[in-house]
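The values are calculated or read from the model by the stated rules, or taken from the named source; none is laboratory data. In this text, all values refer to a predicted model and were calculated from it rather than measured experimentally. A quick note on method: Cβ atoms are made from the backbone with ideal geometry, for glycine too, and the neighbour counts reach across all protein chains shown.
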Amino acid sequence: ILDIYPLAAMLNHSCTANAIRSYARNGTMIVHASKTIPSKSEVTWSYIPPTQVFAERRRALKKRHGFYCKCERCLIEAT
């Protein structure tokens with residue numbers, strides 16, 4: 001059974017995410033800041049394990065989510 005989290009679906013991906021998610025026993029999703037998030041900055045999380053190397057992250061994001069990541073980390077690692 002899959003749960004639906006419409007507000008969480010609006011969070012975008014970054015390989016240098018500033019938030020993580022966890023779940024309460026009742027199934028409620030909780031988003032925690034994993035670093036300081038400056039005012040007016042976007043809250044992001046990683047759709048895939050951020051420990052993967054660039055090529056693996058790129059391939060997984062394209063296959064599973066249909067896009068190539070253009071976060072700061074990927075732009076640096078691509079060069």
field: residue 48 being in contact with a Leu (Cβ under 8 Å, 6 or more places away or on another chain) and either part of a helix (DSSP H, G or I) or among the aliphatic types (A, V, I, L, M) (or both)
entry: yes
message: If I filter the stretch 24-41 down to residues being closer than 28 Å to residue 54 by Cα and among the hydroxyl-bearing types (Ser, Thr, Tyr), which single residue comes out as surrounded by the most Cβ atoms within 10 Å (Cβ to Cβ)?
response: 34
Criterion violated by residue 29 - all others in (1) at pLDDT 95 or above; (2) touching a Lys or Arg at 6+ places or on another chain (Cβ under 6 Å) satisfied: (1)
- request: Determine the pairs where a residue that is farther than 16 Å from residue 31 by Cα, located within the stretch 43-58, has a partner that is part of a loop (DSSP other than H, G, I, E, B) and among the β-branched types (Val, Ile, Thr) with Cβ atoms under 8 Å apart, the partner being 6 or more residues away or on another chain.
  value: 50/16; 57/48
statement: Filter the stretch 59-79 for residues that are part of a helix (DSSP H, G or I) and touching a Cys at 6+ places or on another chain (Cβ under 7 Å); the one that is surrounded by the most Cβ atoms within 10 Å (Cβ to Cβ) is 61
